[in-house]
Structures are given as C-alpha cells and as structure tokens.
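First comes the structure, then the notes that go with it.
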Amino acid sequence: MQPTFVHLLRSLAFTITLQAVAFAQAQPLAEDDYINPDRPGIADGSNVVGAGRVQIETGLQHEYRKGKDGAVRALFVPTLVRLGVTSNLEARIEGNTYSLVKSADATPGAGRSEGLAPVSIGFKVHIADADGAQRPSVAAIVRVFPPSGSRGFRTTRAAGDFRLAADWDFAQQWSLNPNLGIAIVDDGMQGSYRAGLLAVTLSYNPRRDFNLFIDAGLQSPETRNGKTAVTLDVGAAWIVGRNLQFDLSAGTRAAGTTPPRFFLAAGISQRF
C-alpha cells in the first residue's frame, strides 16, 4: 500500500503543478458559467470545475449525538479541493481536516479528542451531458482513503468508494441529483466491510443564484453486520457574483445509530 500511496502523492503534486500553469492561461468565463459546488447537501453533483480551474469548498459543521454513554458533540471543518485537469476530469482532495469531539458526561479532560481526520484523494469524470428534461448529466466519482489522520482519528487501513452521480433538470426551476455507489469501509478494528451508498437531493431554484434543497443519504450496513443508516438534510445556498457561494444547512438521522441526532453546517465555496 505504501508505494502506491507515495505514487499517488507524486501524481497529485504533478497535477497541481500543471493546474498552476493552466490557470494562468484560463479563458474568461462564459456568460452563464456560475460556480456549482458539491456542497452543501449529501449528494455530489455531476459537473466538474473545468480545465485550469481550482475550487475550494469548506465550512464548519457541528454534530450532536446521544447514546448510552452520554452526549457527544463534534466540530470539524469539511474541506474539498477540486483541481480541473480537463473539461471532463478533475482531481479531488477531501477530508474533515481539523476535528474536535467532546463527551459531556466524561470526567474533565478525559472526554476531549482533537486532531486531523483522514483525507481522501480521488477524481471525478464527467461521462454524459444533459439533454434538457429528457436525459440527466452523469459523472463517476472515485475516492481512496489511505491510512491517515492523527491521534484518535487515525486510520490504519485503506478505504474508499465509487459513486455514479447524476443531475436531472426535470422541470422548470426543479432538479433531482441522485448518487448510487459502493464503499469499502474501515471498521476501526483492523478490518473492513462493503456497504451500499445512496443519496438523493431535490432542489428548487427560484433564481439562478439561489437554491433551496432537501436531501437524504443512506449507507447499508452502517457498521459491520449492522443495520441501515439514513440521514436527512435541508438547506439553502446563494451565489455572489459567479465564483463565490455561501451555504447553510441542518439535518438529523432518520434511521440507524451512526448518523448524528442533529447537525448544523455553514460553508463557503470559491472558484479561482
């Protein structure tokens, strides 16, 4: 695994260097070319950022859980960096970066854990363009999580997932964004298991620069030999200019034990 990981890091560094050169030569944006981030929401979109473009999507997310051991609160900074390789391909670096977890019922100091979350490297390839309401656009997204992270967040086994993502503008001002995939999940006990992934986002766009959405995400099983986890999410996003987006969302679990009882997220996305 280690030689493969080193090779991937070298390839990624080479890609970033190419993007720096390509960005300097990027053509002006088309009149209708607006930023289209993968955040907020659970499902990712089918569009790529475009050749020579760099897009950073980040935010702050707070989660609340309550189990038999008491209340647990988590705070982290989910971040996605997208690097446009060609008009149909982008490289991706993604993770929750800085993470802080607190257990309210624990003794002082014993219930606090902070560090860096595992990071993934991957790509998205745009497969098919949309044809109005007749046909959705489609992309494939691949992520690999090599052993990474720090302190209590560190993983020791590689994990990853593969998803198909689509965007369907089925009616005026309405769109549907489904994701379907499979994941290899690190179980935290020197093992891994396979899980099915499903996410669907329903969006309403009263204006080109404003979006309201509701979505759901599913993982089955949620743990090794576990049940199905379902998360629900609602929110809004608004674009300032053409290259900057702000978003706000909130969600809860509908089934399972691993999703948070409640979460609140705010984010910002910038295209360069």
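Read the figures in this text as sums done on the coordinates, not as results from a lab. The model shown is predicted, which means the values in this text are computed figures rather than measured ones. For neighbour counting, all protein chains shown are included, and Cβ atoms are generated from backbone atoms with ideal geometry for every residue, glycine included.
Taking each DSSP H run with n ≥ 4 as -39500 (n - 2.57) and averaging over every residue of the chain yields -3000 deg cm²/dmol at 222 nm. Give the label of the value calculated from the structure for mean projected area of the Cα convex hull in nm², choosing from [x] 16.8; [y] 13.9; [z] 14.9. The value matching this structure is [z]. Considering only 159, 126, 172, whose Cα is most displaced toward the positive end of the charge dipole of segment 126-173, charges sitting on Cβ of Lys, Arg (+1) and Asp, Glu (-1)? Looking along the dipole axis, the top candidate is 159.
Dividing the Cα convex hull volume of segment 111-183 by residue count, how many Å³ per residue is that?
So the per-residue Cα hull volume is 122 Å³.
Count charges around residue 199 for me, please; just the other residues with Cβ under 12 Å from its Cβ, Lys/Arg as +1, Asp/Glu as -1.
Residues near residue 199 contribute -4 overall.
Taking all C-alpha pairs of segment 66-177, those more than 17 Å from each other amount to 68 percent. Between residue 189 and residue 142, full extension at 0.36 nm per residue minus the direct alpha carbon distance yields a gain of 14.5 nm. Sorting 80-86, 204-210, 37-43, 179-185 by average packing, meaning the other beta carbons within 10 Å per residue, from highest down gives 37-43, 80-86, 179-185, 204-210. Report the paramagnetic label zone for residue 119: residues of segment 54-88 whose backbone N is under 18 Å from a point 7 Å from Cα along the Cα-to-Cβ axis. Those under the cut-off are 54-60, 76-84. Residue ranges 165-173, 149-157 sort as 165-173, 149-157 when ordered by packing (mean number of other C-beta atoms within 10 Å per residue, highest first).
Mean projection of the Cα convex hull over all viewing directions, computed for segment 113-272: 10.7 nm². Take the Cα of residue 112, step 7 Å toward its Cβ, do the same at residue 66, and the gap between the two points is 2.4 nm. Modelled spin-label separation between residue 154 and residue 264, with each label point placed 7 Å from Cα along the Cα-to-Cβ direction: 3.4 nm.
Once C-alpha pairs closer than 8 Å and six or more residues apart are averaged by separation and normalised to the residue number of the chain, the relative contact order reads 17 percent. The residue among 36, 55, 74 whose Cα reaches farthest toward the positive pole of the charge dipole of segment 33-80, with charges on the beta-carbon of Lys, Arg, Asp and Glu, is 74.
When Rg and the Kirkwood radius Rh are both evaluated on Cα atoms of segment 224-272, their ratio Rg/Rh stands at 1.18.
Using unit Cβ charges (K, R positive; D, E negative) and no other charged atoms, how large, in debye to the nearest 20, is the dipole of the chain about its Cα centre?
Using only the charged Cβ atoms, the result is roughly 880 debye.
The dipole here belongs to segment 159-272: it is taken about the Cα centre, uses +1 on the Cβ of Lys and Arg and -1 on the Cβ of Asp and Glu, and is about 60 debye. Once both labels are positioned 7 Å from their Cα atoms along Cα-to-Cβ, the gap between residue 246 and residue 220 label points is 3.9 nm. Please name whichever of 196, 272, 252 sits farthest to the positive end of the charge dipole of segment 171-272, dipole taken about the Cα centre and charges placed at Cβ: Lys and Arg +1, Asp and Glu -1. Among 196, 272, 252, the one farthest towards the positive end of the dipole of segment 171-272 is 272.
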